[in-house]
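The values are calculated or read from the model by the stated rules, or taken from the named source; none is laboratory data. Values in this document were obtained by computation on a predicted structure and should not be read as measured data. Cβ atoms come from the backbone with ideal geometry, glycine included; neighbour counts cover every protein chain shown.
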Amino acid sequence: MVRVENLYKSFDGKTVLNNITAEFSQGQTNLIIGKSGSGKTVLLKSIVGLHEVDSGRIFYGERDFTGMSSRERKLLRREIGMVFQGGALFDSLTVAENVRFPLDMFTTQTATEKQKRIDFCLDRVNIARDVQRLSPAEISGGMQKRVAIARAIVLNPPYLFCDEPNSGLDPETAKVIDTLIYGITTEFNITTIVNTHDMNSVMEIGDKILFISEGQVEWTGNKTEILYAGNRKLQEFVFANHQYRQLRDDKRSGI
Amino acid sequence: MTFLAHTGRYFALLGKVFSRPERLRMYTAKLFTEIESLGVNSVGLVMILSSFIGAIITLQLSYNLVNPLIPRYLVGLANRDTLILEFSCTIMAMIMTGKIGSNIASELGTMRVTEQIDSLEIMGVNSACYLIMPKITAVIFVFPFLYILSVFCGLVGGLIVGPAMGAISAADYLGGIRYLFVPRFVYLSAFKSLFFGFLVSSVPAYFGYYVEGGAFEVGAASTRAVINTNILVLVLDLILTQILF
Ligand SMILES: Nc1ncnc2c1ncn2[C@@H]1O[C@H](COP(=O)(O)OP(=O)(O)OP(=O)(O)O)[C@@H](O)[C@H]1O
Ligand SMILES: [Mg+2]
């Protein structure tokens, strides 16, 4: 479980996070949704401490992250797997080496054990074996994202944070990624937070949804409630795609 | 940012760089790659530049020191001392800033703007230590070797080109480079090159590590890194020369 209380963050006088309070549950996929520029990435980066918040508190379980020393934070971060919006693979390493990096750094496994784990994680994100020896520059953007997910889960982290894991992916692969994230979240009972502005993902895996707009929490709920929410801004966001208005109307009339 | 703020942040970064590594084996592996990419790959450049400079100094002096009161062997001596005292040490450090320094700044800058540094931090790795310490260590380690290599190539360059152009006889030249030779100067300059190695790696690393923005800022940081490092090398040269010689 991750809990944030009254987070404020501004850049040069421009408020980006405005009093955000939220709880992200364990064993569920918690989505942060909102328009581009609403502050999703800043919120996620603040939760992991890549941005220092101006005020407010962040808890991992009962541990107060905001009060921690940098050494304590470093230890806690080993429990976090994170997928950045741009993938952020190490471009001096191959695909396999990228996924192996956390294993090399933090485990004492043998080379064969490591390779088994790498194969397992890359298989789960549908990366073929012969791609393993390529460098990140040689694979497509969508594949980079998937490799980044494999790297994030390689140490079985109790916390998984993904910043738009399926933006830039085709609908089919996007669904595979969603299912994967959902699968590992429930299977290993981890606390997952996913940033997205993709309504398909919302309807697919939205156990718990936090809608933010201009740095404020506008609405919280889940994927069944979202179609019937009364919040105007949320309605604009959800029904920007007509298919969902149709879906709601169909459900209302019991089709 | 003011000069003072930069200085403060530079030393704070060094504090992060020189802390205990998470896993030593990963760092030593990286050290060897850095020695290769920053050091061994610079050998060719050092050899070419130094040979030419040695040859050119020899020619210039031979053609211009025409006073019959000045013995010919002084050409060799002057070439040797120029190389030993300043060229192979200080000027070479400034040239290496253009090669190694800009490389370090742009590599780290790119890693910063593509969130690779953030990825390391999130994994619980001290990114400054992991990325920068091997570079600084590698450059400090290779600099004295590059210095010796540069002196050697410069002397050989003069020896080949001087007599070949009929500017000076090989005997005069060889006599000159042995005349009044003070080994201590070599040791002191090699010692100085250790400090230059530190500057040439750590200052560009600082500029690259704290880049904010995108490709444009990475380019700008790389330029600033080279300029500032060169100035610092000269300032430090002044100070060390005053203290040591
Ligand atoms: N380092 C920074 N310095 C200054 N302003 C920033 C910084 N990072 C983000 N912002 C500002 O914060 C606001 C929110 O940005 P953020 O990246 O969180 O949006 P987002 O919701 O993730 O959008 P997207 O869906 O496009 O990724 C933007 O207006 C942006 O200009
Ligand atoms: Mg974002």
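Quick notes on this one:
- Here is the figure for region A:79-97: residues that are among the polar types (S, T, N, Q) and either touching a Lys or Arg at 6+ places or on another chain (Cβ under 6 Å) or more than 10 Å from chain B (Cβ to nearest Cβ) (or both) total 1.
- Residues satisfying the stated conditions in region B:7-24, i.e. part of a helix (DSSP H, G or I) and in contact with a helix residue (DSSP H, G or I) (Cβ under 8 Å, 6 or more places away or on another chain): B:R9, B:Y10, B:L13, B:L14, B:K16, B:V17
- Residue within region A:68-79 that is over 30 Å from A:Q115 (Cβ atoms), of a type in the set (D, E) and more than 12 Å from ligand 1 (Cβ to nearest atom) present: yes
- Helices (runs of 4 or more DSSP H) wholly inside region A:111-200 that include at least 3 residues being within 14 Å of another protein chain (Cβ to nearest Cβ) and within 16 Å of ligand 1 (Cβ to nearest atom): A:141-153
- Filter result for B:M133 (away from chain A (no Cβ under 14 Å), of a type in the set (A, V, I, L, M), part of a helix (DSSP H, G or I) and surrounded by fewer than 19 Cβ atoms within 10 Å (Cβ to Cβ)): no
- Looking across region A:35-56 at every residue that is in contact with an Asp or Glu (Cβ under 7 Å, 6 or more places away or on another chain) and of a type in the set (A, V, I, L, M, F, W, C), the one that is nearest to ligand 2 (Cβ to nearest atom) is identified as A:L44.
- Residue match in region A:151-159 (condition: aromatic (F, W, Y), closer than 22 Å to A:D104 by Cα, modelled with pLDDT of 95 or more and within 16 Å of ligand 2 (Cβ to nearest atom)): no
- Scanning region A:14-65 for residues that are away from every other protein chain (no Cβ under 14 Å) and on the phi > 0 side of the Ramachandran plot yields a count of 7.
- Filter result for the condition that a residue is part of a strand (DSSP E or B) and within 13 Å of ligand 2 (Cβ to nearest atom), over A:I32, A:I20: A:I32
- Selection within region B:7-35 - closer than 14 Å to B:Y210 by Cβ and free of Cβ contacts under 8 Å to residues at least 40 places away in the same chain: B:T7, B:G8, B:F11, B:A12
- Given (1) within 15 Å of ligand 2 (Cβ to nearest atom); (2) closer than 23 Å to A:V176 by Cα, number of the condition A:I212 does not satisfy: (2)
- Among the residues of region A:1-37, those that are near ligand 1 (Cβ under 10 Å from one of its atoms) and buried (at least 23 other Cβ atoms within 10 Å of the Cβ) comprise A:L17, A:I32, A:I33, A:G34.
- Filter pass, B:F145 being modelled with pLDDT of 95 or more, surrounded by fewer than 22 Cβ atoms within 10 Å (Cβ to Cβ) and part of a helix (DSSP H, G or I): yes
- A:I153 fulfils the conditions (1) in contact with a strand residue (DSSP E or B) (Cβ under 6 Å, 6 or more places away or on another chain); (2) more than 20 Å from A:F120 (Cβ to Cβ) except for a single criterion, (2).
- Within region B:161-173, the set of residues being touching a residue at least 60 places away in the same chain (Cβ under 8 Å) and buried (at least 16 other Cβ atoms within 10 Å of the Cβ) comprises B:V161, B:G162, B:A167, B:I168, B:D172, B:Y173.
- For region A:221-250, a residue qualifies if it is in contact with a strand residue (DSSP E or B) (Cβ under 9 Å, 6 or more places away or on another chain), crowded, with 16+ Cβ neighbours inside 10 Å and over 21 Å from A:K175 (Cα atoms), and the qualifying residues are A:G221, A:A229, A:K233, A:L234.
- Among the residues of region A:66-78, none qualifies, meaning not one is in a loop (DSSP other than H, G, I, E, B), away from ligand 2 (no atom under 16 Å from the Cβ), at pLDDT 95 or above and more than 9 Å from chain B (Cβ to nearest Cβ).
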